[in-house]
Amino acid sequence: MLLRGVLLAVQVLQLAGALDLPSGSCAFEENTCGFDSVFEFLPWILNEEGHYVYVDTSFAKQGEKAVLLSSDLQAEEWSCLRLVYQITTSSGSPSDPSRLNLYMRFEDESFDRLLWSAKEPSDSWLIASLDLQNGSKKFKILVEGVIGQGNTDSIALFEIKMTTGYCIECDFEENHLCGFVNRWNPNVNWFVGGGNIRNSHSVLPQDHTFRSELGHYMYVDSVYVKHFQEVAQLISPRTTAPMSGCLSFYYQLQQGNDNIFSLYTRDVAGLYEEIWRVDNPGNAAWNLAEVEFNAPYPMEVIFEVAFNGPKGGYVALDDISFSPVHCQNQTDLPFSAMEASCNFEEDLCNFYQDKEGPGWTRVKVKPNMYRAGDHTTGSGYYLLANTKFTSQPGYIGRLYGPSLPGNLQYCLRFHYAIYGFLKMSDTLAVYIFEENHVVQEKIWSVLESPRGVWLQAEITFKKPMPTKVVFMSLCKSFWDCGLVALDDITVQLGSCWSPERLPPTPGECTFEQDECAFTQEKRNRSSWHRRRGETPTSYTGPKGDHTTG
């Protein structure tokens, strides 16, 4: 249940302009604005004193849902959707926790698109920020609260706000700070400056947004520094849609030689990359910084200040903005991962091989009980290396992929099958080559594998320089040389494994974890059964599943 005392904390989060919220927004003060509870499910209850709507175990059972549906909306320009919410539960970590889900419902689609999901309980209000790409299609926002197995579970919504612009933009004039958070440090932290706050000797006379003493900005002060290289970090909301362009912001420095002001990106795996650092302190006025920002997968932006001592002065920050137009007329087109993917149905796509020797051959075979067809369709094309008719002792077949830009994280997936070979070691390996075909690193190789089954491999890698992925098959001797098949190579930006991966779209299922949203009317001997490996009857069914083998 939500305690009345929590409302005191809620007051701090009241948002400016709540009486004039844009379309798709609601502060739940006196009503639910254009959001209506869906009749087929439990209703969201408006708190008697306003401020939020909620669903809890006083009237809901485990597994029951409450659904809010907005009126028709349209995002003709890039927009940011923010939710202020709280999930509470009884002590312990239930195996089936309460969950808050956010969907988009397009007028011409059968299924709702899941955009975001949260299940972590908290003792305070949290902010979620979601980028909505611009488009002409009308849609509705659907908010779903699902009660878990706790005895005192509750889900509450304090505000929904949809505004034009990017979620990483902020002028720090609203109390939610656009979802930016300070990483707490015992000695140095980012604080809100301006307005009525007068608690530091380094408060600036004016913010940048309004050029007024009443405007707000963020600042970090060295007055409480106790150790060398004390660090303060201000962390943006994580991007939720691919974006590339120019990130700009205004800053002021005092005692610039005694502090280091830097800008980093951080992906979901926690990998940092510095993309900007102050070269010279600039003047005492607000200085403009423009930085090339490329986020093809979810990233946070981190403003970091490191002080060398208590006389390091201060750093102030204001008016963070983003433009999809590159800084200073840069015209580089963003990299498309599709260029590095291929299913070999038509040709080799952008892959190529050494001119000497037979190399990899594009083949098509008719599947039967002894051999599988290609992985894509079962009756299409794939690549085959080391045919016994062409192989020689010491033969090496190399298949080169297209050039991949540096400083990006990639997820490489492909399917392979091994036939023959007495020893599996290095029958197929994946290398990273530099642009001039110099070997840099082996990132994967076959160790042991069932024979004649399509298996999936996935590799996450990131290199500072442009590179090429090279598939290499080695035939050590005529007597120990079999066939190596390769198909469905895909390259995606980002990590192969994401801790925040959303559930599959309704109607999609790989059956790796469970049966997803599929159900059976009754279960008996003639039902569908979820299993792995071969089917129990000889010469029937597949030798392995299609997803990974």
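The values are calculated or read from the model by the stated rules, or taken from the named source; none is laboratory data. Predicted, not measured: the structure shown is a model, and the values here were computed from it. Neighbour counts run over all protein chains shown; Cβ positions are idealised from the backbone, glycine included. For the accessible areas, the whole protein counts, side chains as well, though only heavy atoms, and no ligand, DNA or RNA atoms are used. Shrake-Rupley method; radii C 1.70, N 1.55, O 1.52, S 1.80 Å.
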Run A66 past the list (1) in contact with a Gly (Cβ under 6 Å, 6 or more places away or on another chain); (2) in a loop (DSSP other than H, G, I, E, B); (3) buried (at least 18 other Cβ atoms within 10 Å of the Cβ) and report the number of the one that doesn't hold. (2)
Flagged pairs (Cβ under 8 angstrom, 6 or more apart or on separate chains; first in the range 304-324, touching a residue at least 24 places away in the same chain (Cβ under 8 Å); second open to solvent by less than 10 Å² (accessible area, probe 1.4 Å) and acidic (D, E)) are D318/D207
Conditions first: (1) at pLDDT 90 or above; (2) closer than 18 Å to V220 by Cα; (3) exposed (fewer than 15 other Cβ atoms within 10 Å of the Cβ). A284 passes all but one, so which condition is the exception? (1)
I'm told I147 meets every condition in (1) open to solvent by less than 30 Å² (accessible area, probe 1.4 Å); (2) within 27 Å of L288 (Cα to Cα); (3) modelled with pLDDT of 90 or more except one. Can you identify the failing condition by its number? (2)
Let me spell it out: the conditions are (1) surrounded by fewer than 17 Cβ atoms within 10 Å (Cβ to Cβ); (2) touching a Ser or Thr at 6+ places or on another chain (Cβ under 9 Å); (3) of a type outside the set (A, V, I, L, M, F, W, C); (4) free of Cβ contacts under 8 Å to residues at least 40 places away in the same chain, and P121 meets all of them except one. Which number is the exception? (1)
What pairs come out if I take residues in the range 348-365 that are over 16 Å from Y382 (Cα atoms) and pair them with residues that are open to solvent by 60 Å² or more (accessible area, probe 1.4 Å) and modelled with pLDDT of 85 or more whose C-beta lies under 7 Å away, six or more apart or interchain? D354/R398
Scanning the range 288-302 for residues that are open to solvent by 20 Å² or more (accessible area, probe 1.4 Å) and free of Cβ contacts under 8 Å to residues at least 60 places away in the same chain gives L288, E290, E292
Select from the range 446-481 the residues that are under 23 Å from F351 (Cα atoms) and assigned to a loop (DSSP other than H, G, I, E, B) and write down the one among them that is modelled with the lowest pLDDT. P464
Of all residues in the range 70-109, count the ones that are without any contact (Cβ under 8 Å) to a residue 60 or more places away in the chain, under 21 Å from T32 (Cα atoms) and in contact with a Ser or Thr (Cβ under 8 Å, 6 or more places away or on another chain). 4
Would you pick out the residues in the range 265-290 that are of a type in the set (A, V, I, L, M), out of contact with any Gly (no Cβ under 8 Å at 6 or more places or on another chain) and assigned to a loop (DSSP other than H, G, I, E, B)? A269, L271, A284, A285
Which ones in the range 92-149 are out of contact with any helix residue (DSSP H, G or I) (no Cβ under 9 Å at 6 or more places or on another chain), among the polar types (S, T, N, Q) and part of a loop (DSSP other than H, G, I, E, B)? S93, S95, S98, S110, S122, Q133, N134, S136, Q149
Output for the range 95-117, where each listed residue is in contact with a strand residue (DSSP E or B) (Cβ under 7 Å, 6 or more places away or on another chain) and within 22 Å of F59 (Cβ to Cβ): S98, R99, L100, N101
